Amino acid sequence: MDHTKFKLAGVMGFPILQSRSPILHNHWLAQYGLKGAYGHFQVEPQNLEAAIRGLSALGLAGCNISLPHKVEALKLMDVVDPVAQRMGAINCIVVQEDGALHGFNNDGYGYIQSLKDVKPDWRADAGPALVLGAGGAARAVVLSLIDEGAREIRLTNRSIDKAQALAAGLEAVVKVVPWAERNAAMDGAALLVNTTNQGMYGQPPLDVALDALPLSALVSDVIYIPLETPLLAAARLRGHTTVNGLGMLLNQARPAFKAWFGVMPEITPELRQAILATF
């Protein structure tokens, strides 16, 4: 890969200005002395196809895809990575030398790494996982847990239809639990994951009670604004090890940066500090 050429990438979403991705990637560009820049691309849904088709013409190395575009963007790719195909969504586009668009999904990789960063001996087969939510983030989490060897995943969502749709074809491992039974489903769980937007700034806190959750269980939330959601605060006070969504964000960015700029970057204390300074 030519490290002397100026390369441009960014993150596409709507809204998108709240994304911390530019801080990450521009920090790494400076750290590794690479020529390039990474910015925000605020793209409304009706303009998505035009924006993605323009990546190659503009000479971009690629871009991240954020909400609400992850599912629709997949349909516009020339080649889709098998992991992204299974997830039914992409979060990363890499523009090839010939202009072809390759779609990837690094969300699952980022999620698993975030758990291992906090608990290096974490194992997916240590006990049942309870996943709250059934959207795109839930799909990434469920499939990555299965790939890591999870033997039982309890999935619950306010709309049981969405949960059943996600579980389709995965019934050997994924058991759908009615939302009304979400608290009881914590009994014996080794991992609790919130993939809903409940607890994010501007949203009501997640309506759960942790009483039945074993104290040995890891509690994680894919949200990183705020860094400690009401769920994680309640879990910490009970004595659980907790994992916020920042690790998922940092880890999913690493393979994307390598694909665009040619270097696999490290997550350093300085990088975490640069991100934390923006909250």
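For first residues located in the stretch 169-188 and assigned by TED's automatic domain parsing to the domain that holds ALA217, partners that are hydroxyl-bearing (Ser, Thr, Tyr) and in a loop (DSSP other than H, G, I, E, B) and lie 6+ apart or on another chain with Cβ distances below 9 Å form the pairs TRP179/SER159. For the stretch 128-137, the candidate set comprises residues that are surrounded by fewer than 23 Cβ atoms within 10 Å (Cβ to Cβ) and closer than 19 Å to ASP107 by Cβ; within that set, the residue that is modelled with the lowest pLDDT is GLY136.
Among the residues of the stretch 88-128, those that are more than 16 Å from ARG139 (Cα to Cα) and polar (S, T, N, Q) comprise GLN96, GLN113, SER114. Checked against (1) within 21 Å of the chain's Cα centre (by Cα); (2) free of Cβ contacts under 8 Å to residues at least 60 places away in the same chain; (3) more than 26 Å from SER21 (Cα to Cα), PHE279 passes all but a single condition, namely (3). Hey, does the stretch 46-53 have a residue that's free of Cβ contacts under 8 Å to residues at least 24 places away in the same chain, surrounded by fewer than 13 Cβ atoms within 10 Å (Cβ to Cβ), over 30 Å from LEU145 (Cα atoms) and not charged (D, E, K, R)? Yes, some residue in the stretch 46-53 is free of Cβ contacts under 8 Å to residues at least 24 places away in the same chain, surrounded by fewer than 13 Cβ atoms within 10 Å (Cβ to Cβ), over 30 Å from LEU145 (Cα atoms) and not charged (D, E, K, R). Of all residues in the stretch 81-121, those that are in a loop (DSSP other than H, G, I, E, B) and either over 23 Å from LEU246 (Cβ atoms) or among the hydroxyl-bearing types (Ser, Thr, Tyr) (or both) total 7.
The set of residues in the stretch 122-145 being part of a loop (DSSP other than H, G, I, E, B) and more than 15 Å from the chain's Cα centre (by Cα) consists of TRP122, ARG123, GLY127, PRO128.
The rows are residues; the columns are (1) in contact with a helix residue (DSSP H, G or I) (Cβ under 7 Å, 6 or more places away or on another chain); (2) of a type in the set (Ser, Thr, Tyr); (3) at pLDDT below 95.
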position	(1), (2), (3)
LYS75	no, no, no
CYS92	yes, no, no
TYR111	yes, yes, no
TRP122	yes, no, no
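Every test in (1) of a type in the set (Ser, Thr, Tyr); (2) at pLDDT 95 or above; (3) part of a loop (DSSP other than H, G, I, E, B) is passed by THR278 save one, and that test is (2).
Would you check if ARG272 is among the charged types (D, E, K, R), farther than 24 Å from PHE104 by Cα and not assigned by TED's automatic domain parsing to the domain that holds SER19? So ARG272 fails the test.
For the stretch 88-109, the count of residues that are outside the structural domain of SER56 (by TED's automatic domain parsing) and surrounded by fewer than 16 Cβ atoms within 10 Å (Cβ to Cβ) is zero. Across the stretch 21-39, the number of residues qualifying as more than 14 Å from LEU67 (Cα to Cα) and touching a residue at least 60 places away in the same chain (Cβ under 8 Å) comes to 10. Selection of the stretch 1-44 for residues being assigned to a strand (DSSP E or B) and either surrounded by fewer than 14 Cβ atoms within 10 Å (Cβ to Cβ) or in contact with a Gly (Cβ under 9 Å, 6 or more places away or on another chain) (or both) yields LYS7, LEU8, ALA9, GLY10, VAL11, ALA37, TYR38, GLY39, HIS40, PHE41, GLN42.
The values are calculated or read from the model by the stated rules, or taken from the named source; none is laboratory data. Computed from a predicted model, the values in this text were never measured in an experiment. When we count neighbours, we look across all protein chains shown, and the Cβ atoms used for this are built from the backbone with ideal geometry, even at glycine.
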